[in-house]
Amino acid sequence: MSPFRLTRTLPEDATGAALRADVHAGLTGSPKTLPPKWFYDTRGSELFEEITALPEYYPTRAEREILQVRAGEIAAASGARTLVELGSGSSEKTRHLIAALAGLHTYVPVDVSESALTGAGRALAAERPGLEVHALVADFTAELALPDTPGPRLLAFLGGTIGNLLPAERSAFLASVRALLTPGDALLLGTDLVKDEKTLVRAYDDAAGVTAAFNKNVLHVVNRELGADFDPDSFAHVAVWDAEHEWIEMRLRSRTAQSVKIPALELVVDFAEGEELRTEVSAKFRQQGVRAELAAAGLDLTRWWTDGEGRFALSLSMA
Ligand code: AVJ
């Protein structure tokens, strides 16, 4: 049996159709919004990698610390023979977990980026001979059909990416994750935690301006894919803490009154001076809230680990 397999579940034009629908809905609504998933073209993924190395952006380092320190405990508690990772990207942080899972039979990385999956899959197959790697090119917010592999399964969703979903999207997502699991399977979830406003805002508005470039990159994506004429420099990067919802919002604020043409949608979008377009919500959590959201989906939170500074949490919950 070949150690590396790749299954494509995204139809070729799924991305284009979804982008057109999202941009149309988001820019004709009020307030204007764009979903954060469109940040991640090649340039956007590079900028995100740069963000993870910024002094102000603590979540990646905090989560890596937890995975390093707790990999043995996570492995023992799950006993997983199959590890599924949603939004696996480069699988860099997962290495610790894979190394600790002694009985691991198959690793199933799931990502929209085929190049990330191929690179990570090859490296892992070389590092861990005998480990089956079955990569899935798929959008984890859509329905997933997992390969038939031995249980127990551990499904990992790291990085705090669940915070990019709105509350209703989050509960739908957790319910669909729960539906993939059978008794004895587990979910390993990474959640960034509520902390002081200054630390949070700095993490999303760094001094070097990398996050600003990442935010504006979504306008380059819309220009390239839909023929739009956004001038990214005519928008200012804004990061605000919404204390009521306990989330960070990234926005792009129009510096002037302007009209933007989007030929592929036969649409002209007017911005008032100072008008803001919301590009991302990044929710921050508390243990009680995570426990309640998991319970609502039929998952029982059994373990909770944080980094030494209590900034980020990994939870393990059982189906
Ligand atoms: C993709 C969820 C890890 O919300 O912190 C980083 C994306 N946005 N800086 C986050 C992001 C701005 C990020 N995650």
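How about the range 167-194: which of its residues are within 13 Å of the ligand (Cβ to nearest atom) and either hydrophobic (A, V, I, L, M, F, W, C) or not in a helix (DSSP H, G or I) (or both)? So that I can check it myself, show each step before the final result.
At the first step, the residues of the range 167-194 found to be within 13 Å of the ligand (Cβ to nearest atom) are 170, 189-193.
Those that are within 13 Å of the ligand (Cβ to nearest atom) and either hydrophobic (A, V, I, L, M, F, W, C) or not in a helix (DSSP H, G or I) (or both): 189, 190, 191, 192, 193.
Out of everything in the range 84-101 that is in a helix (DSSP H, G or I) and hydrophobic (A, V, I, L, M, F, W, C), what residue ends up being most open to solvent (accessible area, probe 1.4 Å)? Applying the filter and picking the extreme gives 99.
Inspection of the range 291-314 finds no residue satisfying the criterion of being under 23 Å from the mean Cα position of the chain (by Cα), part of a strand (DSSP E or B), farther than 21 Å from residue 187 by Cβ and of a type in the set (Lys, Arg). The number of residues in the range 244-275 that are within 16 Å of the ligand (Cβ to nearest atom) and within 16 Å of residue 28 (Cβ to Cβ) comes to 0.
Just so you know, in the range 109-165 the residues that are away from the ligand (no atom under 16 Å from the Cβ) and among the hydroxyl-bearing types (Ser, Thr, Tyr) include one that is surrounded by the fewest Cβ atoms within 10 Å (Cβ to Cβ), and it is 115.
If you check residue 225 against the conditions, is it outside any strand (DSSP E or B), more than 21 Å from residue 170 (Cβ to Cβ) and in contact with a Ser or Thr (Cβ under 8 Å, 6 or more places away or on another chain)? The answer is no for residue 225. Residue 205 falls short on exactly one of the conditions (1) over 16 Å from residue 253 (Cα atoms); (2) within 16 Å of the ligand (Cβ to nearest atom), and that condition is (1). Scan the range 17-36 and give yes if some residue there is open to solvent by 30 Å² or more (accessible area, probe 1.4 Å) and under 21 Å from residue 108 (Cβ atoms), otherwise no. Taking every residue of the range 17-36 in turn, none turns out to be open to solvent by 30 Å² or more (accessible area, probe 1.4 Å) and under 21 Å from residue 108 (Cβ atoms). Quick one: how many residues across the range 196-218 are within 20 Å of the chain's Cα centre (by Cα) and open to solvent by less than 60 Å² (accessible area, probe 1.4 Å)? Matching residues across the range 196-218 total 14. For the range 34-54, does any single residue satisfy the condition of being modelled with pLDDT of 95 or more, within 16 Å of the ligand (Cβ to nearest atom), assigned to a strand (DSSP E or B) and farther than 30 Å from residue 310 by Cβ? No, there is no match, as no residue in the range 34-54 is modelled with pLDDT of 95 or more, within 16 Å of the ligand (Cβ to nearest atom), assigned to a strand (DSSP E or B) and farther than 30 Å from residue 310 by Cβ.
Using the structure shown, decide if residue 184 is touching a residue at least 12 places away in the same chain (Cβ under 8 Å) and farther than 29 Å from residue 313 by Cβ. Steps first, answer last, please.
On the way: touching a residue at least 12 places away in the same chain (Cβ under 8 Å): yes; farther than 29 Å from residue 313 by Cβ: no.
So residue 184 does not fit the description; no.
All of (1) touching a residue at least 40 places away in the same chain (Cβ under 8 Å); (2) assigned to a helix (DSSP H, G or I); (3) among the charged types (D, E, K, R) hold for residue 233 with one exception: (1).
The values are calculated or read from the model by the stated rules, or taken from the named source; none is laboratory data. None of the values given here were measured: they were computed from a predicted structure. Note that we place each Cβ from the backbone using ideal geometry, even for glycine, and neighbour counts take in every protein chain shown. When the accessible area is computed, the model is the full protein with side chains, heavy atoms only, and any ligands, DNA or RNA have been set aside. Shrake-Rupley method; radii C 1.70, N 1.55, O 1.52, S 1.80 Å.
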